[in-house]
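The values are calculated or read from the model by the stated rules, or taken from the named source; none is laboratory data. Keep in mind that this is a model prediction, so the values were computed, not measured. Reconstructed Cβ throughout: ideal geometry from the backbone, glycine too, with neighbour counts over all protein chains shown.
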Amino acid sequence: MGASFSQATYRAVAPLVGLKSYNGLKDIGTFEIHRARIPTDLFQSIVMDLDVMLVQYGPPAEHNNEEARSRFFSPVKLVGFSHELHNSS
(Lines give C-alpha, C1' and ligand atoms only; values in the text may rest on other atoms or scores of the structure.)
Protein backbone atom coordinates (compact mmCIF):
# COMPACT_ATOMS: atom_id res chain seq x y z
CA MET A 1 0.00 0.00 0.00
CA GLY A 2 1.42 3.42 -0.98
CA ALA A 3 1.80 6.34 1.37
CA SER A 4 -0.46 9.35 1.02
CA PHE A 5 0.98 12.80 1.56
CA SER A 6 -2.18 14.77 0.80
CA GLN A 7 -2.65 15.64 4.48
CA ALA A 8 1.04 16.26 5.23
CA THR A 9 1.89 19.62 6.75
CA TYR A 10 5.14 21.52 6.79
CA ARG A 11 5.03 21.48 10.59
CA ALA A 12 5.00 17.67 10.59
CA VAL A 13 7.56 17.13 7.81
CA ALA A 14 10.16 19.82 8.63
CA PRO A 15 11.75 17.99 11.60
CA LEU A 16 12.11 14.85 9.48
CA VAL A 17 14.42 16.69 7.09
CA GLY A 18 16.39 18.65 9.71
CA LEU A 19 14.39 21.91 9.60
CA LYS A 20 12.60 23.82 12.34
CA SER A 21 8.89 24.07 11.62
CA TYR A 22 8.68 27.60 13.02
CA ASN A 23 11.42 29.06 10.77
CA GLY A 24 9.34 29.07 7.57
CA LEU A 25 12.19 27.71 5.37
CA LYS A 26 14.62 30.36 6.61
CA ASP A 27 16.89 27.61 7.96
CA ILE A 28 17.08 25.66 4.72
CA GLY A 29 20.57 25.26 3.27
CA THR A 30 21.69 26.35 -0.16
CA PHE A 31 23.79 24.57 -2.71
CA GLU A 32 25.72 25.59 -5.76
CA ILE A 33 24.69 24.35 -9.18
CA HIS A 34 27.69 24.18 -11.46
CA ARG A 35 25.88 23.49 -14.69
CA ALA A 36 22.30 23.80 -15.82
CA ARG A 37 20.89 21.93 -18.77
CA ILE A 38 19.08 24.95 -20.18
CA PRO A 39 20.57 27.76 -22.27
CA THR A 40 22.01 30.64 -20.25
CA ASP A 41 19.69 33.22 -21.84
CA LEU A 42 16.63 31.15 -20.89
CA PHE A 43 17.90 30.75 -17.33
CA GLN A 44 18.52 34.49 -17.01
CA SER A 45 15.05 35.24 -18.34
CA ILE A 46 13.45 32.92 -15.79
CA VAL A 47 15.44 34.48 -12.93
CA MET A 48 14.48 38.01 -14.02
CA ASP A 49 10.80 37.00 -14.17
CA LEU A 50 11.01 35.43 -10.71
CA ASP A 51 12.57 38.65 -9.40
CA VAL A 52 9.52 40.53 -10.70
CA MET A 53 7.21 38.01 -9.01
CA LEU A 54 9.16 38.38 -5.77
CA VAL A 55 8.46 42.11 -5.75
CA GLN A 56 4.78 41.64 -6.69
CA TYR A 57 3.84 38.70 -4.49
CA GLY A 58 6.55 38.46 -1.82
CA PRO A 59 8.75 35.45 -1.01
CA PRO A 60 7.34 31.91 -1.40
CA ALA A 61 7.49 31.34 2.38
CA GLU A 62 4.73 33.94 2.75
CA HIS A 63 2.38 32.23 0.30
CA ASN A 64 -0.41 30.58 2.25
CA ASN A 65 -2.03 28.54 -0.49
CA GLU A 66 -1.37 26.68 -3.72
CA GLU A 67 -2.83 29.45 -5.87
CA ALA A 68 -0.32 31.99 -4.55
CA ARG A 69 2.60 29.58 -4.97
CA SER A 70 1.60 28.67 -8.53
CA ARG A 71 1.23 32.35 -9.42
CA PHE A 72 4.74 33.02 -8.13
CA PHE A 73 6.29 30.19 -10.18
CA SER A 74 4.22 30.81 -13.32
CA PRO A 75 7.09 32.48 -15.25
CA VAL A 76 9.05 29.23 -15.14
CA LYS A 77 6.39 27.40 -17.15
CA LEU A 78 5.58 30.34 -19.43
CA VAL A 79 9.21 30.99 -20.36
CA GLY A 80 9.96 27.29 -20.82
CA PHE A 81 6.90 26.75 -23.00
CA SER A 82 7.52 29.77 -25.22
CA HIS A 83 11.16 28.74 -25.60
CA GLU A 84 10.08 25.24 -26.72
CA LEU A 85 7.69 26.74 -29.29
CA HIS A 86 10.35 29.11 -30.58
CA ASN A 87 12.92 26.33 -31.03
CA SER A 88 10.53 23.86 -32.67
CA SER A 89 9.73 26.07 -35.67
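Observations on the model:
- Matching residues in segment 36-50 - criterion: being in a loop (DSSP other than H, G, I, E, B) and either surrounded by 12 or more Cβ atoms within 10 Å (Cβ to Cβ) or within 18 Å of the chain's Cα centre (by Cα) (or both): Ala36, Arg37, Ile38
This table checks each residue for (1) modelled with pLDDT of 80 or more; (2) surrounded by fewer than 12 Cβ atoms within 10 Å (Cβ to Cβ); (3) of a type outside the set (Val, Ile, Thr).
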position	(1), (2), (3)
Met53	yes, no, yes
Gln56	yes, yes, yes
Pro75	no, no, yes
Leu85	no, yes, yes
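- Within segment 51-80, the only residue that satisfies the criterion of being charged (D, E, K, R) and either over 29 Å from Gly18 (Cα atoms) or not in a helix (DSSP H, G or I) (or both) is Lys77.
- The selection criterion, being of a type in the set (S, T, N, Q) and in contact (Cβ under 8 Å) with a residue 12 or more places away in the chain, does not hold for Ser70.
- Scanning segment 47-72 for residues that are more than 21 Å from Tyr10 (Cα to Cα) and in contact with a Leu (Cβ under 7 Å, 6 or more places away or on another chain) turns up nothing.
- Count of segment 19-42 residues, restricted to those that are more than 17 Å from Ala61 (Cα to Cα) and either touching a residue at least 24 places away in the same chain (Cβ under 8 Å) or of a type outside the set (Lys, Arg) (or both), is 10.
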